[in-house]
Amino acid sequence: MNKKYINENLFGKRILIMGGAGFIGSNLALYFQTFHPEAETIVFDHFRNEEKFENGNLKFLGDYRNLLNFRGEIIAGNINSSQDLNKIRDIRPNYIFFESAISDTTVKDQKLMIETNVNAFKNILYIAKDFGAKVIYASSASVYGDSISPQTVGFEEPKNIYGFSKLMMDQTAVKYSKEYFIDIIGLRYFNVYGRNEYFKGKTSSMILQFGLQILNGSAPRLFENSNKIFRDFVYIEDVIQANVLAMVGFGKTGIYNIGTGKARSFQDIADILQRELNVNLGNIYIPNPYVEQYQFYTEADISQTSMRLNYRPTYSLEKGIADYIPEIKQIFKTYGKI
Ligand SMILES: NC(=O)c1ccc[n+]([C@@H]2O[C@H](COP(=O)([O-])OP(=O)(O)OC[C@H]3O[C@@H](n4cnc5c(N)ncnc54)[C@H](O)[C@@H]3O)[C@@H](O)[C@H]2O)c1
């Protein structure tokens, strides 16, 4: 069996994917099931219900449909409940991939954001210490705000409570990796796109949202000046690569940027999609309502990630979109619009 990314035999290892019904978590769960069937992969997630934030978006975005092909154990629980976290102790994990969070960057409830993204994480680290588990967790490029590009670890300026919570998460990781003597690896994802993000709804990537608009026969709806708004868009395959590389070897504790190392504009996305789909529908430009807390230029400095994790992104925006288009077409056929 081609193990892809690492050659380790993970026989007898228990890999816990927290937030495993969400976009990135479900991709990790399915990766381990496919490429490391010798390991036991377990998913923990709150799963969606009717609860909503004040912005009208669902509180929990995990969805069983991301896991239709998953054959491992599944645990439903809330990371904010110590009773639910006890279910993790029964698992005795060797590796914890921590993807569960409020991933919606427009949520304003500061207390809930800190409880979920920072305090619950500390409780996970406490459990990891008891089992000597290695922790690989999701941080975010939102910690950088509009700090100078390419963004580098150590130069953070969060512009909203989400970015602040991720920065506090990183500080918690640094503190407890020293105190508990466990490997804790933080991955600061930039803008991730790819399969299994449909259930994020309005918080899914603009690659999917523009793609569905175009397939619907409409011009993509971009914020004004989108040719001047740059992000480092990273394809899900490269994000999986980074997570898997982080789990092997010792002494990799630290915080790493996960992007392509190249900033591209939102206009580039719309143009590449129209080219790939062989249409020319023009563009609709709308005012940006988030201007005060928006990031206008992100580009990951991935030098440390390449050096210490051996991470090599292999998907340019063109290649990622081309790979993703069959899935976007399938989503359009099944669900239509977001
Ligand atoms: N997708 C991106 O572009 C991106 C960029 C930077 C960082 N991140 C981070 O990566 C991680 C995964 O993001 P994603 O895009 O897969 O988002 P997602 O919302 O699809 O996944 C998060 C999962 O966590 C679960 N969850 C939320 N609150 C929970 C709780 N209280 N208890 C248990 N489970 C809970 C949700 O049900 C969901 O399945 C998050 O930490 C997010 O902040 C994502």
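The values are calculated or read from the model by the stated rules, or taken from the named source; none is laboratory data. In this text the structure is predicted, and so the values were computed from the model without any measurement. Glycine gets a Cβ as well: all are built from the backbone with ideal geometry, and neighbour counts include every protein chain shown. All accessible areas refer to the heavy atoms of the entire protein, side chains included, with ligands and DNA or RNA removed. Shrake-Rupley method; radii C 1.70, N 1.55, O 1.52, S 1.80 Å.
Listing for the model above:
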read-out: 20 Å Cα-Cα reach of residue 228 towards lysines, excluding residues that sit fewer than 8 places from it in its own chain; value: 159, 262
read-out: Positive-pole candidate from 285, 162, 314, dipole of region 14-335, charges at beta carbon; value: 314
read-out: Accessible carbon and sulfur surface of region 14-335 relative to its total accessible area, %, 1.4 Å; value: 51 percent
read-out: Extension gain from residue 337 to residue 76, taking 0.36 nm per residue of separation minus the Cα-Cα distance; value: 91.1 nm
read-out: Length-normalised contact order of region 242-338 in % [C-alpha pairs under 8 Å, at least 6 apart]; value: 44 percent
read-out: Estimated dipole of the chain in Debye, rounded to 20 [Cβ of Lys and Arg +1, of Asp and Glu -1, Cα centre]; value: 380 debye
read-out: Part-to-part distance (alpha-carbon centres) for region 84-121 and region 169-217, which is given in Å; value: 14 Å
read-out: Ellipsoid equivalent to the chain - semi-axes via the Cα gyration tensor, in Å; value: 31, 22, 20
read-out: Linear extension gain, residue 55 paired with residue 329, 0.36 nm per residue minus alpha-carbon span; value: 95.8 nm
read-out: For peptides 192-204, 267-279, sequence by mean Cβ density within 10 Å, most packed first; value: 192-204, 267-279
read-out: Protection proxy ranking of 46-58, 18-30 - average other beta-carbon atoms within 10 Å, highest first; value: 18-30, 46-58
read-out: Mean separation of Cα contacts under 8 Å (6+ apart) over length of the chain, as relative contact order %; value: 17 percent
read-out: Residue among 296, 98, 266 with the largest mean-square fluctuation in a Gaussian network model of the chain, springs linking Cα atoms under 10 Å; value: 296
read-out: Size of region 9-122 as Cα extents on the principal axes (Å, biggest first); value: 44, 27, 19
read-out: Where only C-alpha atoms are counted, convex hull volume of region 47-98 per residue in Å³; value: 110 Å³
read-out: In sequence order, calculated HN-Hα J values of region 102-110 (Karplus, 6.51, -1.76, 1.60; Hz; x Gly/Pro); value: 7, 8, 7, 6, 9, 6, 10, 6, 5
read-out: FRET efficiency, residue 248 to residue 65 (Cβ-Cβ, R0 25 Å, nearest 0.05); value: 0.20
read-out: Placed amide H near residue 297: partners under 5 Å, 5+ positions off or other chain; value: 230
read-out: Mean accessible surface per residue for region 14-335, computed with a 1.4 Å probe while every protein chain stays in place, in Å²; value: 42 Å²
read-out: Cα-centre dipole for region 199-282 with unit charges at Cβ (Lys and Arg positive, Asp and Glu negative), debye to 20; value: 200 debye
read-out: Virtual spin-label span in nm between residue 174 and residue 7, 7 Å along Cα→Cβ; value: 3.6 nm
read-out: Among 104, 84, 301: highest mean-square fluctuation, GNM of the chain, C-alpha pairs under 10 Å; value: 84
